[in-house]
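Visitor: The structure's right below; bear with me while I get my questions together.
Just so it is clear, none of the values below were taken in a lab; they were calculated from the coordinates. Small disclaimer: the values here were computed from a predicted structure and weren't measured. Here the Cβ is made from the backbone with ideal geometry for all residues, glycine too, and neighbour counts use every protein chain on show.
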């Protein structure tokens, strides 16, 4: 059973890298077979269709993200530290060419052509992230550490859009430094008291 679990995760990790490199339509089971070193029939055993594979990948990614955010809150109770750590996580990913994008952000750019089950998972990822980020904004504002121009929900959405847009800009320019150029001002605005 351990081998099946490892194979399952190997397929998901390979799929994540392939989507990061070329999007939903940029890979096939043959590509996964070659990279993971298993037959296409074995992939179909775990994931009967490409839509099923990517749906499970997004659900797996969402579960990992939720666990990571929960650990972040435990490790860094300060809301400002949480925002900085979240932004820093994606800065590190942008610097790695194989993982320079949040897989859900990348898939969101392809929503019109994605199967419905994948769209549902991508939306669930963003709803969950929005809830978490809204909570960070609320706590930070209540503690006098974050200075909001809008409601916590709007600030959360703006921060998320800025982070994901910064990933896109860094990729478009082929320059990881662009990410910090874009995200720095919103962090500064949220953490600076304005008179």
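Visitor: Within the range 172-188, can you find the residues that are over 15 Å from the mean Cα position of the chain (by Cα), touching a residue at least 60 places away in the same chain (Cβ under 8 Å) and in a helix (DSSP H, G or I)? Step through it out loud before you land on a result.
Guide: Step one: filter the range 172-188 for residues over 15 Å from the mean Cα position of the chain (by Cα), giving 172-178, 180-188.
When the remaining residues are screened for being touching a residue at least 60 places away in the same chain (Cβ under 8 Å), the result is 176, 180, 183, 187.
Within the range 172-188, 180, 183, 187 qualify.
Visitor: Would you please name the residue that is nearest to residue 83 (Cα to Cα), looking only at residues in the range 118-142 that are surrounded by fewer than 16 Cβ atoms within 10 Å (Cβ to Cβ) and out of contact with any helix residue (DSSP H, G or I) (no Cβ under 7 Å at 6 or more places or on another chain)?
Guide: It comes out as 131.
Visitor: Mind checking which pairs have a first residue in the range 134-147 that is touching a residue at least 12 places away in the same chain (Cβ under 8 Å) and at negative phi and a second that is surrounded by fewer than 18 Cβ atoms within 10 Å (Cβ to Cβ) and in a loop (DSSP other than H, G, I, E, B), Cβ under 6 Å, 6 or more apart or different chains?
Guide: Sorted first by the residue in the range 134-147, then by its partner, the pairs are 147/193.
Residues checked against (1) surrounded by fewer than 19 Cβ atoms within 10 Å (Cβ to Cβ); (2) without any contact (Cβ under 8 Å) to a residue 12 or more places away in the chain; (3) closer than 30 Å to residue 191 by Cα; (4) touching a helix residue (DSSP H, G or I) at 6+ places or on another chain (Cβ under 6 Å):
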| residue | (1), (2), (3), (4) |
| --- | --- |
| 33 | yes, yes, no, yes |
| 42 | yes, no, no, no |
| 47 | no, no, no, yes |
| 56 | no, no, no, no |
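Visitor: Looking at the range 170-180, which of its residues are more than 13 Å from residue 90 (Cα to Cα) and either surrounded by 18 or more Cβ atoms within 10 Å (Cβ to Cβ) or touching a helix residue (DSSP H, G or I) at 6+ places or on another chain (Cβ under 9 Å) (or both)?
Guide: Step one: list which residues in the range 170-180 are more than 13 Å from residue 90 (Cα to Cα), which gives 172-175.
Of everything in the range 170-180, those that are more than 13 Å from residue 90 (Cα to Cα) and either surrounded by 18 or more Cβ atoms within 10 Å (Cβ to Cβ) or touching a helix residue (DSSP H, G or I) at 6+ places or on another chain (Cβ under 9 Å) (or both) turn out to be 172, 175.
Visitor: Next up: Step by step: first the residues of the range 58-78, then only those that are without any contact (Cβ under 8 Å) to a residue 24 or more places away in the chain and not in a helix (DSSP H, G or I), then the one that is nearest to the chain's Cα centre (by Cα). Which residue is that?
Guide: Selected residue: 76.
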